[in-house]
Amino acid sequence: MREKRHKEGNIEKKEFMLWLCSLPGIGNVRGGRLLKLCEGSAERLYHAPKALWREVVSESLYENVRRFTDRWRLWEEYVRLEEKGIGFIHIFEETYPDKLREIPDAPLGLFYRGRLPEKKEASVAVVGARDCSEYGRYVARELGEFLGRRGIGVVSGMARGIDGISQQAALDSGGRSYGVLGCGVDICYPAANRGLYERLLEQGGILSAYPPGTEPKPGNFPPRNRIVSGMADALVVIEARERSGTLITVDMALEQGREVFVVPGRITDKLSDGCNGLLRQGARIFLSPGDFLEEMFPGAHTEPFTYQETTRGEVGSGNPRTDITIPDSREREALEPQLRQVYEALDFTPRTLEQIRDRLSFSCSVGSLGAMLITLCVKRLALQVSPGCFCVSGKC
């Protein structure tokens with residue numbers, strides 16, 4: 001089997017690159033410097049003398065590398081990776097993602113499950129707050145669905161909140177999505193997104209620059225973010241606080257020459273402080289999926305945009321939508337008149353029972369109004385955010 005693989009390609013080079021990308025404590029920067037000293041050959045580095053290594057690493061780190069290498073079995077480790085269903089690709093291979101290859105500090109290697117993006121596949125990175133509002137949740141779902149229906153891949157970090165919501169929506173619409181992790185691809189993080197993780201394996205892929213078994217540590221995520229933005233044609237930010245990890249991704253996207261679009265928010269919303277600040281600094285404004293599509297992908301199929309209340313198209317119906325709508329009009333029409341009026345008195349900003357009652361044309365007690373709001377919550381049309389406060393649900 002080994003003889004056959006040698007004839008099929010540069011498997012030896014791949015084995016050595018796998019070793020380099022698995023070395024503890026080396027990382028992308030040191031690894032790149034070491035490769036440069038060896039004219040880009042990981043095999044030469046594998047056999048390089050201590051003196052060459054010491055030009056880049058400390059004595060103690062070199063000793064750690066030597067001990068690790070003594071235990072590492074080049075061929076066996078490569079086969080073991082394949083048996084786990086994990087792929088590995090390095091920067092010198094033709095199939096390595098072109099967009100990623102072009103960024104500063106491109107990862108020397110990528111581990112993946114599922115599949116890699118196709119060469120010319122259009123893709124958009126969608127990022128934002130973990131503890132997002134119902135408004136943010138709603139916009140993330142609409143954008144993910146919109147992109148998914150048009151075959152535009154959604155790239156994100158599989159985190160809870162905006163990231164995961166946009167990816168799930170893309171998959172629900174029959175589209176593709178790619179999750180970039182700050183841990184090994186064999187670890188689902190966060191664990192609560194196990195369902196999303198499994199679906200990404202079927203309809204896209206899971207990628208990481210970290211070898212399998214790497215635990216999610218805080219220091220792993222900023223470097224991870226450069227891959228999220230680097231794999232995409234543009235970055236869309238949906239809700240971000242003034243001091244937010246999302247802004248790190250924005251900085252990296254700008255360094256990579258990516259277009260950054262920002263969803264504006266109310267000036268009183270802390271979740272929009274970061275977004276509004278980016279707009280003040282000159283970021284491009286995101287007003288609708290349709291406008292965004294026309295700006296980023298001219299010639300792609302689109303329709304005039306409107307914020308009207310339109311009926312949600314069924315998945316797979318072939319009826320693309322460019323608008324952000326409120327929940328399915330059929331569900332609203334099925335409500336009895338007073339219940340529908342209560343629903344229409346809601347907004348994404350939470351309102352108290354008194355504020356809602358002031359917007360009704362009929363009289364009702366607080367108890368009756370509360371019962372109607374609970375009914376809307378059961379129907380997933382409303383959400384109780386705190387005792388006595390309700391808003392439109394962004395899950396619809």
| remark: With Cα coordinates, the longest principal axis of the chain makes an angle with the long axis of helix 59-71, in degrees rounded to 10, of 90 degrees
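Output the antiparallel fraction of DSSP beta bridges having both residues in the chain, as a percent to the nearest 5. Could the numbers behind the result be given before it?
On the way: 14 of 35 bridges.
Antiparallel bridges: around 40 percent, rounded to the nearest 5.
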| task | Note the listed values (1) 1.15; (2) 1.48; (3) 1.02, then indicate which one is Cα Rg over 2.2 N^0.38 Å calculated from this particular structure. | result | (1)
| Could you give the angle, 0 to 90 degrees to the nearest 10, between helix 74-83's Cα long axis and the longest principal axis of the Cα atoms of the chain? | 30 degrees
| field | Linear extension gain, ILE374 paired with GLU94, 0.36 nm per residue minus alpha-carbon span | value | 95.2 nm
| note | Length gained if ARG340 through THR352 is fully extended, taking 0.36 nm per residue and subtracting the Cα-Cα distance, is 2.6 nm
| message | Please compute the length gained on full extension between GLU294 and ASP172, using 0.36 nm multiplied by the number of residues separating them and subtracting their Cα-Cα distance. | response | 41.6 nm
| said: Which one, ALA140, GLY282, PRO190, is farthest towards the positive end of the dipole of the chain when Lys and Arg carry +1 and Asp and Glu -1 on their Cβ? | reply: PRO190
| Separation between the ARG284 and LYS217 pseudo-spin-labels, each 7 Å from Cα along Cα→Cβ, expressed in nm? | 3.7 nm
| query | Gap in Å between the Cα centre of the range 94-113 and the Cα centre of the range 201-225? | reply | 13 Å
| Compactness index (Cα Rg / 2.2 N^0.38 Å), the range 121-183 | 0.98
| field | Per-residue ³J(HN,Hα) for the range 377-389, Karplus 6.51 cos²θ - 1.76 cosθ + 1.60, θ = phi - 60°, Hz, x for Gly and Pro | value | 5, 4, 7, 6, 9, 9, 9, 8, 8, 6, x, x, 10
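Round to the nearest 0.05 the FRET efficiency obtained for LEU37 and GLU83 when R0 = 30 Å and r is the Cβ-Cβ distance. Walk me through the intermediate numbers first.
Numbers: r = 33 Å, r/R0 = 1.10.
Efficiency, from the Cβ-Cβ distance: 0.35.
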| Packing rank of 31-39, 50-58, 268-276, 209-217, where each peptide gets the mean count of other beta carbons within 10 Å, highest leading | 268-276, 209-217, 31-39, 50-58
| task | Scan around ARG115 for amide H atoms under 5 Å from its own, H built in the peptide plane at 1.01 Å from N, and keep only partners 5 or more places away or cross-chain. | result | GLY204, GLY205, ILE206
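If we sort 259-267, 16-24 on the protection proxy, mean other Cβ atoms within 10 Å, highest first, what's the order? Spell out each step's value before the answer.
Values: 259-267: 18.7, 16-24: 20.6.
By packing density, highest mean first, the sequence is 16-24, 259-267.
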| said: Suppose each label sits 7 Å from its Cα in the direction of the beta carbon; what would the SER58-TYR46 distance come out to in nanometres? | reply: 2.8 nm
| Angle between the Cα long axis of helix 246-255 and the longest principal axis of the chain, 0 to 90 degrees, nearest 10? | 60 degrees
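Contact order normalised by length for the chain, with contacts defined as Cα pairs under 8 Å and 6 or more residues apart; what percent is it?
Numbers: 709 pairs, mean separation 47.1, N = 396.
About 12 percent, as a whole number.
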| message | List the lysines whose Cα sits under 23 Å from the Cα of LYS14, skipping any in the same chain fewer than 8 residues away. | response | LYS4, LYS36, LYS50, LYS84, LYS99, LYS119
| query | Roughly how many whole Å is it from the C-alpha centroid of the range 44-67 to that of the range 242-266? | reply | 38 Å
| field | Nitroxide proxy distance, nm - points 7 Å out along Cα→Cβ at LYS119 and GLU76 | value | 3.8 nm
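Where a number appears in this text, it was derived from the coordinates with a stated rule and is not lab data. Here the structure is a predicted model, which means the values were calculated and not measured. Every residue, glycine as well, gets a Cβ built from its backbone with ideal geometry; the counts of neighbours run over all protein chains shown.
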